[in-house]
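Chemist: Take a look at this one; I'll ask things after.
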Amino acid sequence: MAKTILLVTEGETDIIVFKAIAKHLSNEETTFVVIAPQQDATSGTYMQHGFGAVTNWCQANKTKIQMLIDFNGASALFVQMDTDIANQLNENCIEAGGMRRQCCEEALNKRFSSENEPERCYYILPTENTETWLLASYDHVTALDNSLGKIVDYELITNTEQRLIDIGYPSRKKVGNKRKLNKKPARKYNSYAQQLIENLSLARQRCDELDRLCVLILNV
């Protein structure tokens, strides 16, 4: 049965990954309607958003969530935000020993003036970012951690981008020669998403939040 899910996300690369997963799981019967960030009418690309814009959107629309879902004939609203910014978003929680996902969830609840996820609203909070899911889809490169030991928990990895660069993903220079993924143009994520889809079962085993997303797509 066809269904619509509303999506608020950090950026275009995340949108590409989410849509690819939905198409794979539901034979195109699930449609993501992106309500933030805005899409440029001329180029068809999405404006830069980021975690600050996501949290601001949540606060600005906290009384409108159910109306937005009903107006669009949607089953649910997904709010995606990477948790690599947990310390910036909820420093007290991190200092108290909270896990990054927990601290980001707490921050979103605060923006929504709610103790839990609002009804029919689900937070998708990859640790530490959506790129962790891409990394987890590779069998031959992810068996080593920083000390050349086996990775036990993918959600404890903090250098996801560097690991992807090391296996050939394009990069750009940052201050101090630290390299970051070159995510432009975003359409390159179409092939990255396909890599994830081809090894989705493996990545789901390694990343609880990815597994949660898949379950929600199928069941909301």
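The values are calculated or read from the model by the stated rules, or taken from the named source; none is laboratory data. Everything numeric here is computed off the predicted structure, so don't read it as measured data. With ideal geometry, Cβ positions are generated from the backbone for all residues, glycine too; neighbour counts draw on all protein chains shown.
Chemist: Pick from Thr142, Thr127: which is modelled with pLDDT under 95, of a type in the set (Val, Ile, Thr), under 19 Å from the mean Cα position of the chain (by Cα) and surrounded by 15 or more Cβ atoms within 10 Å (Cβ to Cβ)?
Modeler: From the options Thr142, Thr127, the qualifying one is Thr127.
Chemist: Please enumerate the residues belonging to region 1-22 that are in contact with an Asp or Glu (Cβ under 9 Å, 6 or more places away or on another chain) and surrounded by fewer than 20 Cβ atoms within 10 Å (Cβ to Cβ).
Modeler: Matches in region 1-22: Met1, Ala2, Lys3.
Chemist: So which pairs qualify, if the first residue must be in region 111-137 and within 14 Å of Asn61 (Cβ to Cβ) and assigned to a helix (DSSP H, G or I), the second must be at pLDDT below 95 and among the aliphatic types (A, V, I, L, M), the Cβ gap must be under 9 Å, and the two must be at least 6 apart or on different chains?
Modeler: none
Chemist: Are there any pairs with C-beta distances below 8 angstrom linking a residue in region 151-162 that is part of a loop (DSSP other than H, G, I, E, B) to a residue that is of a type in the set (S, T, N, Q) and surrounded by 16 or more Cβ atoms within 10 Å (Cβ to Cβ), with the two at least 6 apart or on different chains, and if so which?
Modeler: Between residues of region 151-162 that are part of a loop (DSSP other than H, G, I, E, B) and residues that are of a type in the set (S, T, N, Q) and surrounded by 16 or more Cβ atoms within 10 Å (Cβ to Cβ), the close pairs are Ile151/Thr142; Ile157/Thr132.
Chemist: Run Asn27 past the list (1) farther than 23 Å from Arg204 by Cβ; (2) surrounded by fewer than 19 Cβ atoms within 10 Å (Cβ to Cβ) and report the number of the one that doesn't hold.
Modeler: Every listed condition holds for Asn27 apart from (1).
Chemist: So, one more: Tally the residues that are surrounded by fewer than 17 Cβ atoms within 10 Å (Cβ to Cβ) and touching a Gly at 6+ places or on another chain (Cβ under 8 Å), restricting the search to region 43-68.
Modeler: The total comes to 2.
Chemist: Shifting gears a bit: Do you know which residues across region 1-49 are among the polar types (S, T, N, Q) and at positive phi?
Modeler: Result: Asn27, single match.
Chemist: For a quick check of your reading of the model, give me the residue pairs whose first member lies in region 188-200 and is assigned to a helix (DSSP H, G or I), whose second is of a type in the set (Asp, Glu) and surrounded by 16 or more Cβ atoms within 10 Å (Cβ to Cβ), with beta-carbon atoms closer than 8 Å and at least 6 apart or on different chains.
Modeler: Pairs found: Tyr189/Glu12.
Chemist: Please specify each residue of region 57-72 satisfying the condition of being free of Cβ contacts under 8 Å to residues at least 12 places away in the same chain and not hydrophobic (A, V, I, L, M, F, W, C).
Modeler: Those that are free of Cβ contacts under 8 Å to residues at least 12 places away in the same chain and not hydrophobic (A, V, I, L, M, F, W, C): Asn61, Thr63, Lys64, Asp70.
Chemist: Among the residues of region 166-181, what is the count of those that are more than 19 Å from the chain's Cα centre (by Cα), modelled with pLDDT of 80 or more and of a type outside the set (D, E, K, R)? First the steps, then the outcome.
Modeler: Residues of region 166-181 more than 19 Å from the chain's Cα centre (by Cα): 166-168, 170-179.
Narrowing the set further to residues that are modelled with pLDDT of 80 or more leaves 166-168, 170-172, 179.
From what's left, of a type outside the set (D, E, K, R): 167-168, 170-171.
Final tally of qualifying residues: 4.
Chemist: Of the residues in region 68-108, how many are in contact with a Cys (Cβ under 9 Å, 6 or more places away or on another chain) and among the aromatic types (Phe, Trp, Tyr)?
Modeler: Looking only at that region, the number is 1.
Chemist: Let me confirm something: among Leu213, Leu196, Leu181, which residue is out of contact with any helix residue (DSSP H, G or I) (no Cβ under 6 Å at 6 or more places or on another chain) and among the hydrophobic types (A, V, I, L, M, F, W, C)?
Modeler: Leu213
Chemist: Could we say that Ala193 is modelled with pLDDT of 95 or more and within 23 Å of Arg101 (Cβ to Cβ) here? Steps first, answer last, please.
Modeler: Working: modelled with pLDDT of 95 or more: yes; within 23 Å of Arg101 (Cβ to Cβ): yes.
In short, yes.
Chemist: Going by the structure shown, is Ile151 surrounded by 13 or more Cβ atoms within 10 Å (Cβ to Cβ), closer than 28 Å to Gly97 by Cβ and at pLDDT below 85?
Modeler: Working: surrounded by 13 or more Cβ atoms within 10 Å (Cβ to Cβ): yes; closer than 28 Å to Gly97 by Cβ: yes; at pLDDT below 85: yes.
Judged against the criteria, Ile151 is a match.
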